[in-house]
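Colleague: Mind looking over this structure? Questions follow.
Throughout, read-outs are computed from the coordinates displayed, never taken from laboratory work. Remember, predicted model here, so these are calculated numbers, not experimental data. Methodologically, a virtual Cβ is constructed for each residue, glycine included, from the backbone with ideal geometry; neighbour enumeration extends over all protein chains shown.
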Amino acid sequence: MKIVAALAVLRMTATGSLLTGLECRKCCTTLAADRRVGTCPTCGHTLFATYDTERARELRVWERFPERDRTLWRYRELLPVQREERIVTLGEGGTDAIRLADVPELPGVEVWLKDDGQMPTGSFKARGMAVAVSRAVELGATSLYVPSAGNAGLALAAYGARAECPVRIYLPEETPPEIPRICRIYGAEVVSVPGTIREAGEAARARERNSGGFDMSTLREPYRVEGKKTMGYEIVDRFQDSRMPDAIVYPTGGGTGLVGMYKAFQELQRMGRLEQFPRLISVQMDGCAPVVRALHAGEPSVRPWEDPHTVAPGLLVPAPFASERILEAIRETRGSGATVPDRELPDAMERLGHRHGVSASPEGAAGYAALPRLFAAGAIRSGERVLVYNTGSGALWDVGAVRRQVGR
Ligand SMILES: Cc1ncc(COP(=O)(O)O)c(C=O)c1O
Ligand SMILES: [Zn+2]
């Protein structure tokens, strides 16, 4: 039986992945990448995938990217999946960046928007889950679970369905009812938990302790960040021949997006493809801003936010897991942070729609809403090119309802 399985693998097509292993940046433990692991076995922190970027440089892999489909799998040498047949895809990645009409409060600033609202399942979470589900199943996972504010759950449910792998989604009780409904369309089991994503995570891990299910929580397994780093690859791909953005404005919850883009820039630098990194600017909500507070206070790590509240569910993360990595990504790129009040989100959602033709979720609109403050604070300057990341679609949202909610 084993021989038959080995022969079947041999018949598969190699992706050309240059994955070399996993490393913990906290305690410097390194591991082979052929085992399914979650966090660092020595210290419990996040494990990151490493690649032979020297070889990538010799092979000039980036010259192959433009010849391939415009999905995130065009970067397959720098992704972990080993066999093409193991790739679980809905065509994710390849979202364009568009120039927005000038924003009056930001004179002389060129504003661009990258729209991941157009991704399968409606958010950038599809990137992480496409890669992480592909890799987990390649390494033998037979069931997957995740605590989620909504979008990660939708993405895991869809990719789990395509991988024929059972999925359980743990959602905070106050998650809008559309989310569990759509998760069930994909065949996922949904568990509702009182509290925030933090409590959903605790409940999930307690309930799953002996289930054999694999934890797909953000930064608690090594490969979602690999999918999300393709945001950084795509930004470089899109702008390198003209002019790279000076800054990227990104709504921050669990922080995987920022950590992923920073990792992409580091890899591209090692391959000789990027010199100056764009500044990574984190946007959080007034009612839950642990990362921005730590930045402004110059603290080495992030303290949990007390009494977290915001209408943007993806940003309701009071204690992000890999907070030191998030702060590193912002500080090492000379980035910064800002917060916005909930009451500015409905206007920002409406302006993105009415003025720019962009459908944005509250999280995505938060980045756009923060622009005038960032300009006033000198974090964005006249003459610069700035990219705002819209992380999710507004399709599941009723702006009127958000307005009533923030007016309370
Ligand atoms: C639409 C949207 N934007 C942003 C975020 C936060 O992303 P990150 O975990 O990368 O900080 C989330 C997370 O749930 C989200 O759903
Ligand atoms: Zn470690």
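Colleague: How big is Rg to Rh over the range 1-144, alpha-carbon atoms, Rh as the Kirkwood inverse-mean-distance radius?
Modeller: 1.05
Colleague: Any idea what the dipole of the range 47-146 comes to, in debye rounded to 20, about its Cα centre with Lys/Arg Cβ at +1 and Asp/Glu Cβ at -1?
Modeller: So the dipole magnitude of the range 47-146 works out to roughly 340 debye.
Colleague: Viscosity 1.306 mPa s, temperature 10 °C: give me the Stokes-Einstein translational D for the range 353-408 in µm²/s, with Rh taken as the Kirkwood radius over C-alpha pairs.
Modeller: 125 µm²/s
Colleague: Going by average Cβ density within 10 Å per residue, which order do the peptides 289-302, 272-285, 146-159, 28-41 take, highest to lowest?
Modeller: For the peptides 289-302, 272-285, 146-159, 28-41, the packing ranking is 146-159, 272-285, 289-302, 28-41.
Colleague: Ok, one more. Skipping prolines and chain starts, which residues have an amide H placed within reach, meaning under 5 Å, of the one on V193, given they are 5 or more residues away or on another chain?
Modeller: Here L171, E173 satisfy the definition.
Colleague: Only four residue types carry charge here, +1 at the Cβ of Lys and Arg and -1 at the Cβ of Asp and Glu. Report the dipole size of the range 12-86 about the Cα centre in Debye, rounded to the nearest 20.
Modeller: With Lys and Arg at +1 and Asp and Glu at -1, about 200 debye.
Colleague: Moving to a separate point now. Two decimals is fine: what is log10 I(q)/I(0) at q = 0.18, 0.21 Å⁻¹ for the range 12-86, from a Debye sum with one equal scatterer on every Cα and no solvent?
Modeller: Results for the range 12-86 at q = 0.18, 0.21 Å⁻¹ read -0.78, -0.94.
Colleague: Given the options A204, P176, Y159, identify the residue whose Cα lies farthest towards the positive end of the charge dipole of the range 125-215 (+1 on Cβ of Lys, Arg; -1 on Cβ of Asp, Glu).
Modeller: Among A204, P176, Y159, the one farthest towards the positive end of the dipole of the range 125-215 is Y159.
Colleague: Mind checking the dipole of the range 160-226: about its Cα centre, +1 per Lys or Arg Cβ, -1 per Asp or Glu Cβ, Debye to the nearest 20?
Modeller: Magnitude of the dipole: close to 100 debye.
Colleague: Could you please state, rounded to a whole Å, how far the C-alpha centre of the range 29-71 is from the C-alpha centre of the range 366-405?
Modeller: First find each Cα centre; the distance between them is then 32 Å.
Colleague: Let me ask something additional. Over the range 8-50, what is the mean sequence separation of C-alpha contacts under 8 Å (at least six apart), divided by residue count, expressed as relative contact order in percent?
Modeller: Dividing the mean separation by the residue count of the range 8-50 yields 39 percent.
Colleague: For the chain, please report how many Lys pairs fall under 19 Å Cα to Cα, leaving out neighbours fewer than 8 apart on the same chain.
Modeller: Final tally of qualifying lysine pairs is 10.
Colleague: Another question, then. How much length is gained if the chain between A297 and M12 is pulled fully straight, taking 0.36 nm per residue apart and subtracting their Cα-Cα distance, in nm to one decimal?
Modeller: Here the answer is 97.4 nm.
Colleague: So for each of 265-271, 216-222 I average, over its residues, the number of other beta carbons within 10 Å; can you give me the resulting order with the highest mean first?
Modeller: 216-222, 265-271
Colleague: Separate question: Ranked highest first by average number of other Cβ atoms within 10 Å, how do 182-195, 99-112 line up?
Modeller: Order by mean packing, descending: 182-195, 99-112.
Colleague: Which of the cysteines in the chain are isolated, no other cysteine C-beta under 4.7 Å?
Modeller: C28, C165, C183, C288 - these cysteines have no disulfide-compatible partner (Cβ-Cβ under 4.7 Å) in the chain.
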